[in-house]
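Below you'll find the structure, written out as structure tokens, and then a few comments.
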Amino acid sequence: MLCRYPRPPSSTRRVVQQTTKLRARFYHDETYGFRKRREYSFPDYSPAQLENRTVNAPLLRYVDSMRTHGHRAATIDPLDLIHREEVAALNPARYGLTDENAKYNVDGILWTKPVGHTGSNEDGEWWTLKEITRHLRDVYVGRIAYEYMHSPSKTERLWFSHLLESQHLPTPEDKPLLPVDAEMKRRIHTHLAQSEVFDNFLQSKFPNLKRYGLEGGESMIPALDTLFSSASQSGVQHIILGMPHRGRLNLLTGLLEFSPTALFHKIKGGSELPEEYGGEGDVISHLVSSPSLQYPGSQHPLKVSLLPNPSHLEAVNPVAMGKTRAKQYSLLRTSPADCQLGDRVMCVQLHGDASFTGQGVIMEGLGLSNLPHFTSGGSVHIVVDIGYTTPASNARSSLYCSDVGKMINAPVLHVNGDHPEDVVKALDIAFRYRHYFRKDIIVDLLVYRRCHNELDLPGITQPLMYEKISARQSVPQLYEQKLISENVMSEQEIADVRNDYKARLDARLGQASSYVPDSTILQGQWNGMVWPTSKDAEPNPATGIEKDILTRVGKASVAVPDGFEIHTKLHRHVKNRVQSIETGRGIDWATAEAMAFGSLMLEGCDIRISGQDVGRGTFSHRHAMLVNQKSEGVIVPLNDELGADGKLELANSSLSEMAVLGFEYGASWERPNLLPIWEAQFGDFFNGAQVIIDTFVSSSETKWLKQSGIVLILPHGLDGAGPEHSSSRIERMLQLTNDRYAPDGNSYANVNMHVTYPTTSAQYFHLLRRQMKRNFRKPLVIAGPKGLLRLAGASSTLAELEQGTRFEPVLADPIANADEVKRVVMLSGKLYYELIKERQARNLNDSVAFIRIEELSPFPFAELEEVLNRYTNAEEYYFVQEEPRNQGVYPHVKDRIGVVLEEGMGWRGGRGLVVYKGRKESAIPAPGIGKVYAAQQRMVVESVFEGL
């Protein structure tokens, strides 16, 4: 289904009106991809309440201190290892309140009534100090501790105070807070007991297995069950769940309905993937499930998608955020105009306490959470606070692991995992906050674990902690005693729950040897796509388009509405683009890109490009968004002028690489009709996102059968800018590919990702369109262009974009006389333009030919052989690059070129291996001394012509 969003009135689209509230900071919020938040407000204090707050100022200070500091005295640690001192701020005597029988008017100070209700009579509501203290301690100094007073939002602080102190939700139509009745208690028990039975079963049957069990943290399961239930009853239909390894198998086989038979099959060495797809799989602690769960009181089933994750802690979280947003935007296509982000889809992120504090991607992800083009309506974070092998005093510099969440003023609920009923209450409250404010919230679930992994002896380094753990009953056992004492369940009923589940596991274990994995790929929005190795795959579809469409798109991309004042320097940009379109010559990089975007949009595809300064382009070349110099109103001409079903979202991002690339990668998993692009400000800067590239971009298809159409644009090319502004480390990208060392007729399908280094704007145009015109998806790395953005020689004609044209993996020399050429020089990238200039100056056009290898993975064996065969009298074969010999593309291409020369061409010339020309090995990509760079570059160019 194509995307049809309601368009704002013309006046709103054309010029964003100035307001008096920080409009300069929010100008780009009005572009496509931004949905204004709902505004939330609480009734302000009445005049009588304000007066009472003044009269009873000491009481107000005392109450606020309980709200602020109560968590410091709460009993939230099941092992009671957190060092607690007496919290003086909780003593009413510090505020002059010493008579516990004295009565005080609490109206406007302590909230005991639903929102909008006043005291019980005209004179207010009077409580004794003893009653006030008891009430406050019941709320704030129990087994759930609340941190919300750090929020700068009065509305959020009042929301929490009202909810916690009155136990009433803000509006009458809200569902009541979760009742923990007998039925709920039995449900909690089932999850706890099954989790313990599962861990004991695996320990018995597979004693040498590292399973990262949930012993001590079993409350995680009813916590998630409660969160899912509350969400489902409130209209959420999809949960995108990211989590690490701890307790993953318990969650999978319990709440998420993953087949124990499939798990046992995997543990015994079998594959979790259907054999016909050729995947190599992953470890058991990365398995996934996507069940549809039906909860009482819900109108729709709840689809829970647990994402596959790499072992690198927390890397999956921004991926989950990106997939959540993409799914929500997909659903918004058919939703009412008042549908908001987060109404139907929610992101849930599970964390470990040590990684939540220690992994920088957490802070990067939190930094994205409220940004206009990255928010998905708020995530619920559950920190399974198990305590790492390293003591907390060595693992973090803060009291709580959750303190990093305060960078976005996220509220935190700490809860004692030994008390499952308090856990489910905390999760219900957490969801209410997220659903009301559409912002992130953190639940710090304090539990413990029996061991790091089942082959570990943690008592070696933490003897006192593990002496305490080994002496205590398990969480399920403690809860069972409670249920028996309350007459909720009998001992026999409890035994039946455990025995029934163990019997089911035994039965499933017996079926493991005959288990055959099912295919679950290419469903939902991926229906209609094919597996890359399928006979129906189309690796090289036609990408050229009609001239009139090119012209229409190109002119629309720089259309400036009447009365919209662009920067004076952009008038030339607009004029040059229109002129190049009208003449059909000089189509530069940005124009070709705009034509690729616009033509895809007309075909129903959405484009999303993110990174730092992508709206104008790092090198001030793109200008896909135009800013009114008077009002700072913004337009995206391709959206406003083209009238296409597809839309262009320009997501100028925060200064983050890892989280932003992870976010875009997650979006690519969700929607095959979305072209997601991440552009590094400089190619080198992808270093900060290396974990995402290693563990997701390059390997997801092989590990998890997950296709992705993500595009990485990495500016590349030596131009004297020094070590960190020259190289996209293209050698790393090539090393990560599974590109073949010999010709393979199916290489386009088999390669895990494409790595290219285009040298003309037409090549770039066709790459972008090919990415979406294929009926399968592959990641694409584009190195360049930097120095080619405005280079006249790298521009193309309109004819090179028209029907009948497509991307060419190898470009033959358009000048050299093939019959006269003695030396063939192969290369990639911008160096080509320096070399042809030097060749012309030396009058050697007929002596040396320059062959550009534009696609490096998969290596174009057949195409290169076809081009080289044109030079029948060639005697020498060189490869030249400007990067150091140990870097660049040479390490990847040297053996592959050798295969072409030896096997394909019979090694014509008999001169041995291809001759390398270029810089020597170096520890850095490029020198930072200008004179050294210039001398080296000159040496590279001259070396190609030696002996001619």
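The values are calculated or read from the model by the stated rules, or taken from the named source; none is laboratory data. These figures come from a predicted structure and were not determined experimentally. Note: ideal-geometry Cβ built from the backbone for every residue, glycine included; neighbour counts use all protein chains shown. Just so you know, the surface numbers come from the protein's heavy atoms only, side chains and all, with ligands and any DNA or RNA stripped out. Shrake-Rupley method; radii C 1.70, N 1.55, O 1.52, S 1.80 Å.
For K547, which lysines qualify as cross-link partners when the Cα separation must be under 26 Å and same-chain residues fewer than eight apart are set aside?
Those lysines meeting the cut-off are K555, K575, K647, K773.
Over segment 812-944, what is the mean sequence separation of C-alpha contacts under 8 Å (at least six apart), divided by residue count, expressed as relative contact order in percent?
28
Going by alpha carbons, how many degrees (0 to 90, nearest 10) lie between the helix axis of 182-205 and the longest principal axis of the chain?
With rounding to tens, the tilt is 60 degrees.
Rounding to the nearest 10 and keeping the result within 0 to 90°, find how far the Cα-based axis of helix 420-437 lies from the longest principal axis of the chain.
Here the helix axis deviates by roughly 60 degrees.
Find, among the trypsin sites (Lys or Arg not before Pro) in segment 467-506, those assigned to loop by DSSP (not H, G, I, E, B) with at most 15 other beta-carbon atoms within 10 angstrom.
On the way: sites: K468, R472, K482, R498, K502, R504; in loops: R472.
Listed in order of number, the matching sites are R472.
Taking a virtual spin label 7 Å from the Cα of D500 along the C-beta vector, which residues in segment 241-278 bring their backbone nitrogen under 16 Å of it?
Those under the cut-off are 254-255.
Need the C-alpha centroid separation for segment 324-385 versus segment 784-847, integer Å.
About 46 Å separates the Cα centre of segment 324-385 from the one of segment 784-847.
Order the following by accessible area, largest value first: E538, E196, E903. Probe radius 1.4 Å; ligands, DNA and RNA are ignored. Walk me through the intermediate numbers first.
Values: E538 95, E196 20, E903 135 Å².
So the residues, ranked largest to smallest area, are E903, E538, E196.
Kindly sort K439, K555, K830, K920 by accessible area of their heavy atoms, largest first, with the probe set to 1.4 Å.
I get K920, K555, K439, K830, largest accessible area first.
For helix 761-773, report the angle its Cα long axis makes with the longest principal axis of the Cα atoms of the chain; keep it between 0 and 90° and round to the nearest 10°.
Once rounded, one gets 50 degrees.
Tell me, what is the FRET efficiency for D562 and T171 to the nearest 0.05, using R0 = 30 angstrom and their Cβ-Cβ distance as r? Walk me through the numbers before you get to the answer.
Details: r = 45 Å, r/R0 = 1.50.
The calculated FRET efficiency here is 0.10.
Given a 1.4 Å probe and the protein chains all in place, what does the accessible area of D138 round to, in Å² to the nearest 10?
120
Can you tell me the length gained on complete extension of the stretch Q492 to I929, counting 0.36 nm per residue apart and subtracting the Cα distance?
On the way: separation 437, 0.36 × 437 = 157.32 nm, distance 8.04 nm.
Value of the extension gain: 149.3 nm.
Once the other residues with Cβ under 12 Å from the Cβ of G717 are scored (Lys, Arg +1; Asp, Glu -1), what is the net sum?
Numbers: positive: K786, K830; negative: D684, D719, E834, E882, E883.
So the surrounding residues net to -3.
Whole-Hz ³J(HN,Hα) for each residue in segment 943-948, computed from phi via Karplus 6.51 cos²θ - 1.76 cosθ + 1.60 with θ = phi - 60°, x for glycine and proline: what do you get?
5, 5, 9, 4, x, 9
Please list, in order, the residues from segment 78-107 whose amide nitrogen is less than 20 Å from a point placed 7 Å along the Cα→Cβ vector of E131.
92-93, 97-107
Treating cross-link reach as a plain straight distance, find the aspartates and glutamates whose alpha-carbon is under 12 Å from the alpha-carbon of K36, omitting any fewer than eight places away in the same chain.
D338
Among DSSP bridges having both ends in segment 609-750, what percentage is antiparallel? Round to the nearest 5. Walk me through the numbers before you get to the answer.
Working: 2 of 11 bridges.
Counting DSSP beta bridges with both partners in segment 609-750, the antiparallel share is about 20 percent.
For labels at Q523 and A57 in the simple 7 Å Cα→Cβ model, what's the distance in nm?
So the two model labels end up 6.4 nm from each other.
On a 1.4 Å probe surface of the protein chains, which of F264, F206 comes out largest in accessible area, and what is the full order?
Values: F264 0, F206 35 Å².
Accessible-area ranking of F264, F206, largest first: F206, F264.
For segment 643-652, just list the computed ³J(HN,Hα) in residue order, Karplus coefficients 6.51, -1.76 and 1.60, θ = phi - 60°, integers in Hz, with x standing in for Gly and Pro.
Calculated HN-Hα couplings, in order: x, 8, 5, x, 10, 10, 10, 9, 9, 4 Hz.
Using the Kirkwood radius over Cα pairs, work out the Stokes-Einstein diffusion coefficient for segment 47-166 at 37 °C and 0.692 mPa s, in µm²/s as a whole number. Numbers along the way, then the final one.
Working: Rh = 15.0 Å.
It diffuses with D of about 219 µm²/s by this estimate.
Show that you can apply the helix-only estimate: for the chain, add -39,500 (n - 2.57) for every DSSP H stretch of four or more residues, divide by all residues, and state [θ] at 222 nm to the nearest 500. Don't skip to the answer; put the middle values down first.
On the way: 30 runs with 327 residues, N = 948.
Dividing the helical sum by the residues of the chain leaves -10500 deg cm²/dmol.
Please give every one of the lysines within straight-line cross-link reach of K482, meaning a C-alpha to C-alpha distance under 24 Å, and leave out same-chain neighbours fewer than 8 residues apart.
K185, K425, K468, K502
Between K154 and N540, what is the label-point separation in nm under the 7 Å Cα-to-beta-carbon projection?
6.8
Rounded to whole Hz and in sequence order, give me ³J(HN,Hα) for segment 155-166 from the Karplus expression 6.51 cos²θ - 1.76 cosθ + 1.60, θ = phi - 60°, writing x for Gly and Pro.
4, 5, 5, 5, 4, 5, 4, 4, 5, 6, 8, 9
Among bridges DSSP assigns within segment 182-516, what percent are antiparallel (round to 5)?
Values: 2 of 28 bridges.
Here the share of antiparallel DSSP bridges comes out near 5 percent.
Non-local amide H neighbours of I545 (under 5 Å, H modeled in plane, Pro and chain starts lacking H): which ones?
E802, Q803
List the chymotrypsin sites (Phe, Trp or Tyr not before Pro) in segment 457-506 that DSSP assigns to loop (not H, G, I, E or B) and whose Cβ has at most 12 other Cβ atoms within 10 Å. Which are they?
Numbers: sites: Y466, Y479, Y501; in loops: none.
Loop-located and lightly packed - none at all.
If amide hydrogens are placed 1.01 Å from N in the peptide plane, which non-local residues have theirs closer than 5 Å to the one on Q237?
V345
Please list, by residue number, every one of the GluC sites (Glu not before Pro) in segment 810-855 that is coil in DSSP and has at most 14 other beta-carbon atoms within 10 Å.
On the way: sites: E820, E834, E838, E854, E855; in loops: E820, E854.
Here the sparse-neighbourhood loop sites are E820.
Rounded to the nearest 5, what % of DSSP beta bridges with both residues in the chain are antiparallel? Don't jump to the answer; show the numbers that get you there.
Working: 17 of 80 bridges.
The answer is about 20 percent antiparallel.
Report the residues of segment 395-423 in range of a label on T75: point 7 Å along Cα→C-beta, backbone N strictly under 19 Å from it.
Residues 414-423 qualify, since their backbone N sits under 19 Å from the label point.
Give the long-range amide H neighbours of R585: residues separated by 5 or more places, or on another chain, with amide H under 5 Å away, using H modelled in the peptide plane at 1.01 Å from N.
L798
At 0.36 nm per residue, and after removing the present C-alpha to C-alpha distance, how many nm does the segment from E467 to A182 gain when stretched out fully? Provide the component values of the computation, followed by the final result.
Values: separation 285, 0.36 × 285 = 102.60 nm, distance 3.43 nm.
Extra length from E467 to A182 when fully extended: 99.2 nm.
Defining a contact as two alpha carbons under 8 Å apart and six or more residues distant in sequence, what relative contact order in percent does the chain show?
12
How big is the accessible area of T253 in square angstrom, nearest 10, if you roll a 1.4 angstrom probe over the protein chains?
Surface open to solvent at T253 totals about 10 Å².
Report which label in (i) 54.9, 193; (ii) 31.7, 108; (iii) 26.5, 82 holds the value of Rg and Dmax of the Cα atoms in Å derived from the coordinates of this structure.
Computed from the coordinates, Rg and Dmax of the Cα atoms in Å corresponds to (ii).
So if we plug the beta-carbon distance of I815 and E276 into 1/(1 + (r/R0)^6) with R0 = 51 Å, what FRET efficiency do we get, rounded to 0.05?
Numbers: r = 48 Å, r/R0 = 0.94.
After rounding, the FRET efficiency stands at 0.60.
If r is the Cβ-Cβ distance from R84 to Y45 and R0 is 35 Å, what FRET efficiency results, to the nearest 0.05? Let's see the in-between values first.
Working: r = 34 Å, r/R0 = 0.97.
Using R0 = 35 Å, I get an efficiency of 0.55.
Residue separation times 0.36 nm, minus the C-alpha to C-alpha distance between Q840 and N208: what's the value?
Numbers: separation 632, 0.36 × 632 = 227.52 nm, distance 6.97 nm.
The Q840-N208 span can extend by a further 220.5 nm.
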